[in-house]
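Chemist: First, the structure itself, so that you have it in front of you.
The values are calculated or read from the model by the stated rules, or taken from the named source; none is laboratory data. What you are looking at is a predicted structure, and each value in this text was computed from that prediction instead of being measured. When we count neighbours, we look across all protein chains shown, and the Cβ atoms used for this are built from the backbone with ideal geometry, even at glycine. To get the accessible areas, we keep the full protein, side chains included, count just its heavy atoms, and leave off ligands, DNA and RNA. Shrake-Rupley method; radii C 1.70, N 1.55, O 1.52, S 1.80 Å.
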Amino acid sequence: MSGVAGYVDAIGFLKLGGFFVSFMSGNSTRLGVALATAHWTAALTVLGLVAAFVAGVVLGALTARALGETRRSPVLVLEAMLLAIGAILLALGHDRAGIAAVAMAMGAENAVFQRNGDVTVGLTYMTGALVKVGQRIAGAIVGGEPRDWWRYALLWTGLACGGALGALTYLAVAAAALWIAVAIVLGGALWAERRYRSV
């Protein structure tokens, strides 16, 4: 799922010319720069992306709470639906609405691993994962588990590799590249539902 976040974020980044649909820390820095330099169009773009992302987080969290936090498939279906809506709107030339739907999908993705109302694994942001890599390596140096860092490194690697694939696919087929993400997320939903029912 971190690979999907990187994939979709790269598509959004290229489509928007340097703004993110998933990485709100980067957008927050862009907002600060836009405000400091009186670039009001950029500031409004960032604020719209942040609002759409937060709305997606709310939808994802409510979906997880309503249908069970251990049942991951409903959140994944929501994410796939929002991505599909975004792809359709972008294909029809409704870029703002399409990008808003994609940003909402990225916000919703964070509820895939929600437990007791909190995110246990961040999928669309990796600063925390990199901090945990460093902390776990430090722990290994002083006698802790020597391989405890690799899980977090894999999250970061997934995001980076997904970003590369998203950029390459966008350069080949433009925003239609989102349909690949829709298919992957729906596949994940089917897998999660089968796993949920077998427990």
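Chemist: Would you mind getting the accessible area per residue of segment 25-125, heavy atoms of the protein chains only, 1.4 Å probe, in Å²?
Modeler: 48
Chemist: Return the Rg/Rh value of the chain, two decimal places, where both radii are evaluated on C-alpha atoms and Rh is the Kirkwood radius.
Modeler: 1.00
Chemist: Would you tally the net charge around Ala5, using a Cβ to Cβ cut-off of less than 13 Å, leaving Ala5 out, and scoring K and R as +1, D and E as -1?
Modeler: After counting each charged neighbour, the total is -3.
Chemist: For segment 74-174, with all protein chains present and a 1.4 Å probe, just round the carbon and sulfur fraction of the accessible area to a whole percent.
Modeler: 68
Chemist: To the nearest 0.05, what FRET efficiency results for Ala38 and Arg194 with a Förster distance of 45 Å applied to their C-beta separation?
Modeler: Efficiency, from the Cβ-Cβ distance: 0.25.
Chemist: From the Cα gyration tensor of segment 1-99, with a ≥ b ≥ c the square roots of its eigenvalues, which class applies: rounded if a/c is under 1.5, or else prolate if a/b is larger than b/c, or else oblate?
Modeler: prolate
Chemist: Give the relative contact order (percent, whole number) for the chain; include only Cα pairs under 8 Å separated by 6+ residues.
Modeler: Rounded, it is 33 percent for the chain.
Chemist: Could you give the dipole magnitude of the chain about its Cα centre, charging the beta-carbon of Lys and Arg +1 and that of Asp and Glu -1, in debye to the nearest 20?
Modeler: Once rounded to the nearest 20, the dipole reads 300 debye.
Chemist: If you don't mind, there's one more thing I want to ask. With a length cut of 20 Å (Cα positions projected on each helix's long axis) and a Kyte-Doolittle mean of at least 0.0, go through the chain and give me the DSSP H helices that pass.
Modeler: Qualifying helices, which must be both long enough and hydrophobic enough, are 2-16, 40-67, 73-91, 95-109, 127-141, 150-173, 178-198.
Chemist: Okay, next question. Lys and Arg at +1, Asp and Glu at -1: add these up for the other residues within a Cβ distance under 15 Å of Ala174 and post the number.
Modeler: Local charge sum for Ala174: 0.
Chemist: Would you rank Ser28, Ser73 by solvent-accessible area, highest first, keeping every protein chain in place and using a 1.4 Å probe?
Modeler: Heavy-atom accessible area, descending, gives Ser28, Ser73.
Chemist: Pairs of alpha-carbon atoms within less than 8 angstrom and 6+ residues apart define the contacts here; what relative contact order does segment 1-110 have, in percent?
Modeler: Value for segment 1-110: 28 percent.
Chemist: Sum -39500 (n - 2.57) across every DSSP H segment of at least 4 residues in the chain, then divide by the residue count to get the 222 nm mean residue ellipticity, nearest 500.
Modeler: Mean residue ellipticity, 222 nm, calculated: -25500 deg cm²/dmol.
Chemist: Only Cα pairs within less than 10 Å get springs; with that Gaussian network setup on the chain, which residue of Ile99, Ile85, Ile141 has the largest fluctuation?
Modeler: Judging by the Gaussian network model, the answer is Ile141.
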